[in-house]
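The values are calculated or read from the model by the stated rules, or taken from the named source; none is laboratory data. Given the structure is predicted, the values throughout are model-derived calculations rather than measurements. Cβ placement follows ideal geometry from the backbone for every residue including glycine, while neighbour counts extend to all protein chains displayed.
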Amino acid sequence: MVAIYCRKSVDKVDSTSIETQIDFCKRLIMPDESFEVYSDRGYSGSNTNRPDFQRLMADVEQGAVSRVIVYRIDRISRSVLDFANIYGQLEKNKVEFVSATEQFDTSTPMGKAMLQIIMVFAELERKTIQLRITDNFYERAKKGLFLAGKAPIGYKKIPFTIAGVKSHILEEDIETSGIVRFIYKEYLEDGSSMGQIVKYLNSPDCELHSPVKFTNISIMRILSNPVYVRADADVYSYLKSKGAVMHNDIEEFDGIHGCTIYGRRKEKTQSKFKNLDGEHIQLNLHEGFISSEDWLCVQKKMENNKAIKNSGRGKNSWLSGLIKCGYCGLAVTVVNGQRNGKRYVYCNGRKNNICHERKSHATFDDLEQAVESVLMPHIGEFKYNLAEKEDENNAKLNELKIRQAKIDEETSSVVEQFVKASDTMQKYLNGKIEELEKRKREIGEEILELTTQKPLDIDFKQIKAFTDDWDNLDTETKKQIARLFIKQITYTDEELNIEFII
């Protein structure tokens, strides 16, 4: 059937009545066509929350309407964006749209051209709204407010008004924060894993009474989220070292308040905690309840576990997971020869039909021997290199402290001059003091980075004992030692490249 839609917000002498609108629309209906009138009296066109309009769209969705006729487009909506969305629903259900007084008919070329113009303005309005929302989002973030959505487990949202703007801040939720504390405590235990924590929290024996079911991913997000940490200078240095954009000075990281991560991710499916490079970090108004030391230890353990996870589970070679094809960059696997029993290198790029550069067949025996001939001398020299690096760091630290002391002396001198100076000179000296303070902060960050570096937890005597008996070690032990030193190995028919971690 044909649907006639009419709307009038208020009765005015000079406004078009519902009855007049119906009469105009009827002129476009053929004698043999059935029609139904939908009318909303006393409703504004600023939104679509109107009873008969909703009834009309329900009939459209059910396929009962072939054409919608209105007196003017603004009878449907005064918002270009709303109209564009409405027309999208009509088009989806193959419903034509006609405006009686504006010669707008989507079944004609002119009508379709007019529709394209409307759609352009609708897209402009949509992007303007998105930009306004984004700007508001970032402004709230810079004020340290909770941005959007549900509060993370362990917190609850509390209404908060700042500068006349209503929003929320986070406050510890005593009923669920104990679950978060338990997760951090358990994960830091030797030999624990996310899987074990998930299994316990979801079991009937768990006494914590969690309101949600946990997965490895949800546990990882809780452990990675800086919203829980009592963020101090060490946390600042860690987040900055990961490429995060810091919106607070290091002095503001007081060891009390938590942080929020925000920013547009390159991939919508990627967790914002997975890669902090380019993400924005804002110190929030809420207090954290996980110590800086525990939070940083958790990050270190997760990074180590990630390295182990990515190192491959293959048991056929201690190079499994470390070696990649130098042509396509994909991992290689071990394939056992059916006739001679040799372990051959098989490129996953070749398997996926994207790598055809390799001309010769290498064996893992040859590769292991080549890597071993480089790795063993490297391990032998490693302790000396580490000690050399520590000496270098100590020298650098001493140099920075000297520079910092000189800045303190220069600042004291400028302050003395400031007291006796004229107004014009005071303005100049004030700028000089700010410049000195900035330089001091930068040196302070360098000092902090050097002093918070943790020594590697490696037992050199034990490794030396293992490597002296290398030929008799099992594959898994060799693999663990190799992972401590080797970041990645790439090989082609002509060369083998080993990239060491240190």
inquiry  = If I ask for residues that are loosely packed, with under 13 Cβ neighbours inside 10 Å and either among the small types (Gly, Ala, Ser) or outside any helix (DSSP H, G or I) (or both), which ones from the range 410-436 would you list?
reply    = Ser412, Ser413, Ser422, Gly431
request  = Give the range 234-277 a look and list any residue that's surrounded by 13 or more Cβ atoms within 10 Å (Cβ to Cβ), at pLDDT below 80 and farther than 22 Å from Ile153 by Cα, or say none.
outcome  = Arg265
query = Consider Met246 against the criteria (1) out of contact with any strand residue (DSSP E or B) (no Cβ under 6 Å at 6 or more places or on another chain); (2) more than 15 Å from Val298 (Cα to Cα): it satisfies all of them except one. Which criterion is unmet?
reply = (1)
